Amino acid sequence: MTSRAAAVRYARALFDVVVAERADPQETARQLAEVVTLIDGHAALGRALTHPAVPASRKRAVLEQVLARAERLQPPVSKLLLLLAERDRLVLLPDLMQAFERRLMDHLQIVRAEVVTATTLPADRLAALQDGLARSTGRTVQLETRVDPSIVGGAVARIGSTVYDGSVVRQLERLKETLTNVDNT
């Protein structure tokens, strides 16, 4: 099993436990992010917890000291971290956090959409675009915007693997295809 697949399985199990215990999954996501940030922010700690030469028992001891000083974590989060340390799988934490966040967003009926426009759109146009994407997906949409003048005009929205391409460049390509096909007949 790949490490990403293992991280997804741990995330799914954590999410199921959090929901079953009626804990706040958003708080769980926040706590996971804080732990990942803490480990990433301290190089020596990150090496101690993820280096294969460090025994799992030592990793657990280090993690127990960190958890003792940390703000109060939800019991499922603490238990998961200690389990990962015992199994020498703390390297999975960043992928596990991302998988948990994806599962949380799915649970909350939220999707992320990346919207690329030729120029910066005013707030009212962005709100209208967000509403249209929400209607087409049936979910709440979180927009991430980016400006790319090469699309000339219009917008390109990407939600997961689905792309809504309303750019002027794409419309010109379609027009060219249509005209080329008319000439061949």
- Item | Criterion (among the hydrophobic types (A, V, I, L, M, F, W, C), surrounded by 17 or more Cβ atoms within 10 Å (Cβ to Cβ) and either over 24 Å from the mean Cα position of the chain (by Cα) or closer than 21 Å to LEU108 by Cβ (or both)) met by exactly one of ALA68, ALA85, ALA20, ALA7 | ALA7
- Query: Do we have any residue at all in the stretch 156-166 that's closer than 30 Å to ALA23 by Cβ and modelled with pLDDT under 95?
  - Reply: yes
- Query: So which residues in the stretch 39-53 are surrounded by 13 or more Cβ atoms within 10 Å (Cβ to Cβ), of a type in the set (A, V, I, L, M) and over 9 Å from ASP88 (Cα atoms), if there are any at all?
  - Reply: ILE39, LEU45, ALA48
- Selection over the stretch 112-129 where residues are surrounded by 18 or more Cβ atoms within 10 Å (Cβ to Cβ) and outside any loop (DSSP other than H, G, I, E, B) yields a count of 5
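Matching residues to (1) surrounded by 13 or more Cβ atoms within 10 Å (Cβ to Cβ); (2) modelled with pLDDT of 95 or more:
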residue	(1), (2)
THR2	no, no
ALA13	yes, yes
LYS59	yes, no
GLN74	yes, no
MET97	yes, yes
GLU101	yes, yes
- Task: Take the stretch 114-130 and flag every residue that is closer than 20 Å to VAL152 by Cα and either touching a strand residue (DSSP E or B) at 6+ places or on another chain (Cβ under 8 Å) or outside the structural domain of VAL147 (by TED's automatic domain parsing) (or both).
- Result: GLU114, VAL115, VAL116, THR117, ALA118, THR119, THR120, LEU121, LEU126, LEU129
- Message: Condition check: in contact with an Asp or Glu (Cβ under 9 Å, 6 or more places away or on another chain), within 18 Å of VAL8 (Cα to Cα) and in contact (Cβ under 8 Å) with a residue 24 or more places away in the chain. Does GLN26 satisfy that?
- Response: no
- Before we move on, is ALA44 in a helix (DSSP H, G or I), closer than 14 Å to LEU81 by Cα and assigned by TED's automatic domain parsing to the domain that holds ALA99? no
- Residue that is farthest from the chain's Cα centre (by Cα), among those in the stretch 130-153 that are of a type in the set (Val, Ile, Thr) and surrounded by 14 or more Cβ atoms within 10 Å (Cβ to Cβ): ILE151
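The values are calculated or read from the model by the stated rules, or taken from the named source; none is laboratory data. Quick caveat: nothing in here was measured; it's all calculated off a predicted structure. Cβ coordinates were reconstructed from backbone atoms using ideal geometry, including for glycine residues, and neighbour counts include every protein chain displayed.
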